1. Can B:ALA182 be described as out of contact with any strand residue (DSSP E or B) (no Cβ under 7 Å at 6 or more places or on another chain), aliphatic (A, V, I, L, M) and either surrounded by fewer than 17 Cβ atoms within 10 Å (Cβ to Cβ) or closer than 20 Å to B:ASP153 by Cβ (or both)?
2. Looking only at segment A:576-591, how many residues end up being over 16 Å from A:ARG514 (Cα atoms) and at pLDDT 75 or above?
3. Only residues in segment A:349-376 that are closer than 15 Å to A:PRO524 by Cβ and modelled with pLDDT of 80 or more count as the first member; pair them with residues that are open to solvent by 40 Å² or more (accessible area, probe 1.4 Å) and part of a helix (DSSP H, G or I), Cβ under 7 angstrom, at least 6 apart or cross-chain, and list the lot.
4. For B:ARG143, state whether it is away from every other protein chain (no Cβ under 14 Å) and either farther than 23 Å from B:MET99 by Cα or touching a residue at least 40 places away in the same chain (Cβ under 8 Å) (or both).
5. Which numbered condition in (1) open to solvent by 20 Å² or more (accessible area, probe 1.4 Å); (2) within 30 Å of B:ARG200 (Cβ to Cβ) is the only one that B:ASP261 fails?
6. Within segment B:149-180, which residues are farther than 17 Å from B:ILE205 by Cα and among the acidic types (Asp, Glu)?
7. Condition test on B:MET35, is it out of contact with any Cys (no Cβ under 9 Å at 6 or more places or on another chain), assigned by TED's automatic domain parsing to the domain that holds B:SER162 and at pLDDT below 55?
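The values are calculated or read from the model by the stated rules, or taken from the named source; none is laboratory data. Everything numeric here is computed off the predicted structure, so don't read it as measured data. Ideal geometry is used to build each Cβ from the backbone, glycine not excepted, and the neighbour counts take in all protein chains shown. Surface areas here come from the heavy atoms of the whole protein model, side chains and all, with no ligands, DNA or RNA. Shrake-Rupley method; radii C 1.70, N 1.55, O 1.52, S 1.80 Å.
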Amino acid sequence: MTFINPWLAVAGAAAMALPILIHLFLRRRQKPIEWAAMELLRRAVQQSQRTRRVERWILLVLRCLALLLVGLAIARPATVTALSMNQPVTMAVVLDDSVASRTAASPTSAPGQTAFEAARTACIESIRALPSGSLVHVFTTSGTIEHTGDAVQPDRAIAILGTLQPTFEPSRVRQAVDRADDVLGRSSMPGRIVLASSFSRGAIDTEAQVLPPTKAILEIRDVGSDDTGTAAIVSVMQRTLGPQSTGSVTVDVTVTRPSSEQARRNVPVTVTDAMTDRSATADAVFIEGSQRAVATLTLVVDPAVNEHAWMASIPTDRQPADDMRATTISTVSSHPVLVLDRERLDVDEGSSAQWIERALEPIAGMGLAHRRMDPSEVRAGSLKGATSIIICRPELLDAAGWAECTVACEAGALIVIVPPTEETFMDWQDPCAAMLGPGVTIRRDVMNHEPPRRLQPQQPTSPITQLIASELTELVAPIEVDRSVMIEGPSTTLSPVLVMDDGAPLMVLSTKGRGVIVMLATAPVPSWNTLATKPIFVPLVQETIRQGEVLLDAGGSVSIGLGRLPTGTTELRPIRGSTAAESSLTVDPSGVIVSDGVKPGIMQVVMAQDATASMSRRSSFVALNVDPAACDPQRNDAARLAAWLNQTMSPQTNVVTATSSTQSTTSVSVWLLLAAALVVLAETLLGRMFSVPEPKAA
Amino acid sequence: MSTQGLRAEQYLSPETLAQLAPFELRAKMVADGVMNGMHQSPLQGMAVEFAAHRQYTAGDSIRHLDWKVFGRSDKLYVKEYRQETNLDVMILVDGSASMSFGTLGVKQGWGGTDATRQRGTWTKFDHATASAAALAFLCLSQRDRVGVAVGADGLRGAVRKSAARDQWRSIVRCLSSEPVEARFSPAACINQLLAQTSHRTLFVILSDFLGDPEGLRTALARLRHRGHDAMLLAMLDHRELTLDLDVEAPFIGLEGEEALDVDTRTIRKAYLEELQRHLQGIDRQARAFGYDLQVFDTHESVGPVLAALLSRREGMVAGGRR
């Protein structure tokens, strides 16, 4: 017999001693009492105390027993499976071959053994213990093995297991167990599912995944994982975007570590350019108590090359699954920013376009290139190649112009929209709202604020303002807004970048297709606000363009098993990966990789011809990464895992835990609780029966 | 509270008595309390000479013929006189170690015996001596002859019976000076007292009677054999009578008995049954010899003790007339 919560069983056993200790403690505390009528006392003791002592011992034993039973019930005991050892069964082996299984197994297992190897050994043990005549199905949690539906002989199943290797896919336990239960439901023999996994956080997300109640007996083989001294890369981000005058790029690599005491303090990180093999190494230094640190690396780049692919890795990590992350970075913005406005020369205060153009190019040679285009001239194909489009006169865009902007956005462009500064009868609000997303509305009337609105000191976190976040409170303080338009929409569609003191958004962010849309609720001219004349304006405009382009889904990074590739991708050719000599991967029209053996690394994107023509911004590479959450080697909290198991159990489900085959805990626990209740009842009745009625004085 | 508002019974409560430091004062307060508190004294109307006339029968002494009646009616009548009684009372107080038991708390500075001062409680010996002193005071105030003795395994101190004026002082001195120790042997004490007693006497024995009932039976048999009257006043502490304790602890005897581990909750019923049986046994013994047993709770007033004595005395006086 074993327990799902063995500590609670120990606690129950310890609690059993409580009544005894209380009994002894109370007994020890009594001082001797002088008494005159000793002879009468002696006779009374002879007459009744022996009987009463037996009665009290019975009550004490019952109290101890009640506590023990409650402790055992909470500990969820599991008995050895009641399956007849001689009766053939159909067993479905669900082996965890996800990326989480690449982590080291429990420290108690064989040295150097991965969780996958330990789980496979456990499955083989279960298969070998099967009675003759039994059949076996083999499933994997990554779902990469297509199950044929035919059961095989145990020897064949063991051979199949021997050929399996851990993948880089996330764990899909629920789907695997579901499929196994379905298959066993069609079998004429009793069914039994063996689920072998490390049950680490990566393998089992106890909050997101719910194991369905199975009809077959479910054995859980927990092989454990070792998360001591590990670290994982969660992101690689370039600090600056645009023309690289210095010929070098600074990259921030964010590394996490577990919260255990054995966690490492310094984690060396290496970043390698996939194209040139140039690399740099720096340490991510964790401060006391922190689980996250950033390593900053500077790499020399060729200014002539527009796009780079980086691979960050931890060379000395114990866990091989989560120590590499690849990313693609554009180092040069080859396409100028397109500003949609008419050329105007007679405006005293300057138009929105003029203020924005000044902000894009504050110092000659260091800014962002831009060119002006009349909104009325926007026609099909006229926006091709533009990565950033700033619409300063939305009222001048006709339906064809809006349609073209929408296409450009969906194809992967950054659209920045500014409300018109002059009164107009043209309907620009509705097409603009439609572009921002479903449920978004823009009020037709312009709101005049008297007194002027200010911005909240604490602005929301946004990718657009992430690099100026530390100074944002100071920068927004002097801004006064006299006029603005009201933008409303669901939080799932619009995320605020800047908000005014009444909570109304001043700047919002939305995505459409592979593009990004940023809209200002106020025009950057002095008659509307003081925004354009304050220090925030230049960094805000430049960061909007730079960070907006970073957000564009143009190739970039894709999580294995989770992300979808850009539309039109047909093939991925390996450039550099976790292992050499990779073959090309085939991608279906929906952007899902259909080939087996997907591994992390930098892949060259091969696109269909028509897709290439429609793309505004083409990317040469895509970085395939493992999902950091899917390979988290940290142990699931025992109580949470137990609760997760309880949640998945039905009265017919037999759950087996640890390394031994055991049977349902639910029914045993219920019976134990029932027994405890009966014991308490018996104790109460006996106590009442034994209690001495208050006698009358002599 | 003014003293005028005090009722007589309040003088008889142990709490009040314990606060009266001088022994004499305590006894006097008790006696006065009893006398004032009783509506009809059993002594009222006593000691009148003439009782009744009776027709002369042959054999009657002619000394008591009432010649005046004969002169008027020519019939012979004999005058009968009420006999003047003079009661002898001997008070025997148990001074054994078990009498030092008491649970009623007294405060520092209160009066009492050595036992009180040592234990800080109103002991059975305190109650017995207070009662004995009050009894003696009452008897002396009625010009009865009274003596007192404190005994344990033998007589320790005794004051011979007398109705003299300084008898009271002697009695008080005796009661307040004797220690409480050893075991009580009623037979030994009675033997010693009988050796000094010639007249018919009322023996008042104040004890907890927790010792061997056989020894008591022997003592009572001796008293009966000599034609004496006796009253047994059992002084028991309230806790002894109720065992109102909820403890599991070792109990040790005051007279050197072996210690006993007792859970009072488990044996209370049996103990009280045993106590009942024990007291009933002593009562049976006493009644077999024509004597009475009165049980007193030392947490309660000593008034009933005195009332019992007075009732008994009246009975003896009436018996003497018959």
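1. When the stated conditions are applied, B:ALA182 passes them.
2. Count: 6.
3. Qualifying pairs under 7 Å: A:ALA359/A:VAL538.
4. yes
5. (2)
6. B:ASP166
7. yes
Matching residues to (1) part of a loop (DSSP other than H, G, I, E, B); (2) of a type in the set (Ser, Thr, Tyr); (3) at the interface with another protein chain (Cβ under 9 Å from one of its Cβ atoms):
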{"position": "B:ARG222", "(1), (2), (3)": "no, no, no"}
{"position": "B:LEU232", "(1), (2), (3)": "no, no, no"}
{"position": "B:MET235", "(1), (2), (3)": "no, no, no"}
{"position": "B:LEU241", "(1), (2), (3)": "no, no, yes"}
{"position": "B:ASP246", "(1), (2), (3)": "yes, no, no"}
{"position": "B:GLU258", "(1), (2), (3)": "yes, no, yes"}
{"position": "B:VAL262", "(1), (2), (3)": "no, no, yes"}
{"position": "B:TYR271", "(1), (2), (3)": "no, yes, yes"}
{"position": "B:GLU274", "(1), (2), (3)": "no, no, yes"}
